[in-house]
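Sharing a structure with you now.
The values are calculated or read from the model by the stated rules, or taken from the named source; none is laboratory data. Quick caveat, the model's predicted, so the values are computed rather than measured. Here Cβ is always computed from backbone atoms with ideal geometry, including for glycine, and neighbour counts include all displayed protein chains.
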Amino acid sequence: MRIAPVARRIFAVALMAGILQGCVPVIIAGAAAGTDVAHDRRTLGSMVNDTTVELKATGILDTDPQLRHAVHIGVTSVNGIVLLTGQAPTTQLRDLVLSKIRTIPSIRRIVNEIEIAPLSTLADRARDSWITTEVKTRFLATKGLDPTRVKVITADSSVYLMGLVTKQEAGLAASVAANVSGVSRVVELFEYVD
């Protein structure tokens with residue numbers, strides 16, 4: 001099997017970054033999962049940084065005895081912008097999550113969408129997964145929109161859209177997402193390249 005020179009360079013950089021960060025298995029797994037770096041407008045360094053931020057944040061939440069079973073938080077990082085979604089039963093727990101996530105270096109901005117509410121049920125999460133899948137599927141059929149450039153996150157029927165896009169791509173993505181059954185609101189967290 002012949003590996004293209006660009007793919008070899010990307011793999012080598014990712015491998016070195018992973019060795020330096022201690023995340024080799026995760027980077028290799030991400031590459032195997034088919035991350036489409038060819039279409040992503042982020043730099044390779046930014047992609048590695050986003051993965052590192054997500055891993056560190058998840059690790060912090062999973063190992064903290066006060067938070068591990070008390071909150072349900074999703075962490076998504078795109079180009080240094082971190083979106084926090086999910087539920088915390090009290091403002092104190094939400095604030096604890098925020099204070100711990102803020103200690104992670106290289107985060108440019110945190111978008112706090114954590115609800116003060118009981119933890120979501122399995123049925124709630126399944127509904128959100130279905131909405132995300134439906135939005136992504138419709139993106140595939142939308143002319144003028146490269147679905148690999150838009151990250152879709154759904155929490156409590158709210159759809160969050162992230163990525164480095166043109167204003168036209170952003171408008172198309174938001175319009176498509178808003179017309180999916182079950183979506184209560186669309187939140188655009190895009191950065192514009194034009």
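Given the structure, is GLU115 acidic (Asp, Glu) and either part of a loop (DSSP other than H, G, I, E, B) or touching a residue at least 40 places away in the same chain (Cβ under 8 Å) (or both)?
yes
Let me ask another. Taking ALA178 as the residue in question, decide whether it is under 23 Å from THR43 (Cα atoms) and of a type outside the set (Val, Ile, Thr).
The answer is no for ALA178.
In region 112-144, what count of residues is obtained for those that are under 17 Å from the mean Cα position of the chain (by Cα) and exposed (fewer than 15 other Cβ atoms within 10 Å of the Cβ)?
4
Related question: Filter region 146-173 down to the residues that are among the small types (Gly, Ala, Ser) and part of a strand (DSSP E or B), then identify the one that is nearest to GLN87 (Cα to Cα).
Only one residue tops the list, namely ALA155.
Quick check: anything in region 55-74 assigned to a loop (DSSP other than H, G, I, E, B), closer than 17 Å to GLY163 by Cα and modelled with pLDDT of 50 or more?
Going residue by residue through region 55-74, those that are assigned to a loop (DSSP other than H, G, I, E, B) are 64-71.
From the residues that got through so far, the ones that are closer than 17 Å to GLY163 by Cα too are none.
No: zero hits.
Also, I was wondering about something else. Which of (1) more than 16 Å from VAL187 (Cα to Cα); (2) free of Cβ contacts under 8 Å to residues at least 24 places away in the same chain does SER120 not meet, given it meets every other one?
So the condition that SER120 fails would be (2).
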